[in-house]
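The structure appears right after this line, and notes come after that.
No value in this document is a laboratory result; all are computed from the given coordinates. Owing to the predicted nature of the structure, the values given are computational and were not obtained by experimental measurement. Heads up, the Cβs are rebuilt from the backbone with ideal geometry, glycines too, and the neighbour counts pull from every protein chain shown.
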Amino acid sequence: MAHPAHPEDRSRRPSDRTALPVDVTDRLLWALAVDVAAAHQPGPDGACTNLQCRGQQGPCWALRTARRAEQRARRAATLAPPPSPGPAAIARGRAPVPAMPRRLTGWFTPAHPPAPVMRPASVPGAVPPESRLDRRPPVAASAA
């Protein structure tokens, strides 16, 4: 599907101008892979022509990733049948279930209480009260 600003016949995206293969299972991934692969083709000297990959020889990382994504977007050519399970033992009776613990510990609750936070004792007179930045001025002073 072409972008509304660009009609079908004038689309800038290679994926819009290419027919969707029958075996594609993820259309969005396939279209993105085709567009990225078209933008990252190697030039005559073997380096990627895209400015983002300046100086990279051979297929750049983006082109290799786009090729891999295009393969992943398609259905596998031959689907191997799932391995047949061996003879399974028939379960009989009931399995023992452990009793619920009295106190749940683990992900949300700590196993041990947190250690107390040790704060240094304040030294009286070390900082004059008027120089403290975290204190608000008295209400009477702000009303005047």
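Annotations
- Backbone phi angles across the stretch 12-28, fed through the Karplus curve with coefficients 6.51, -1.76 and 1.60 (θ = phi - 60°), yield HN-Hα couplings of 8, 8, x, 5, 6, 8, 9, 5, 6, x, 5, 8, 6, 9, 10, 5, 5 Hz in residue order; Gly and Pro are listed as x.
- Residue-wise HN-Hα couplings along the stretch 46-55, as the Karplus relation 6.51 cos²θ - 1.76 cosθ + 1.60 with θ = phi - 60° gives them from phi, are x, 8, 5, 7, 6, 5, 5, 10, 3, x Hz; Gly and Pro carry x.
- For the pair R27 and V117, label points projected 7 Å from Cα toward Cβ lie 5.5 nm apart.
- Computed over the Cα atoms of the stretch 25-77, the ratio of the radius of gyration to the Kirkwood radius (Rg/Rh) comes to 1.05.
- Amide hydrogen neighbours beyond the local backbone of R74, cut-off 5 Å, H modeled: T25
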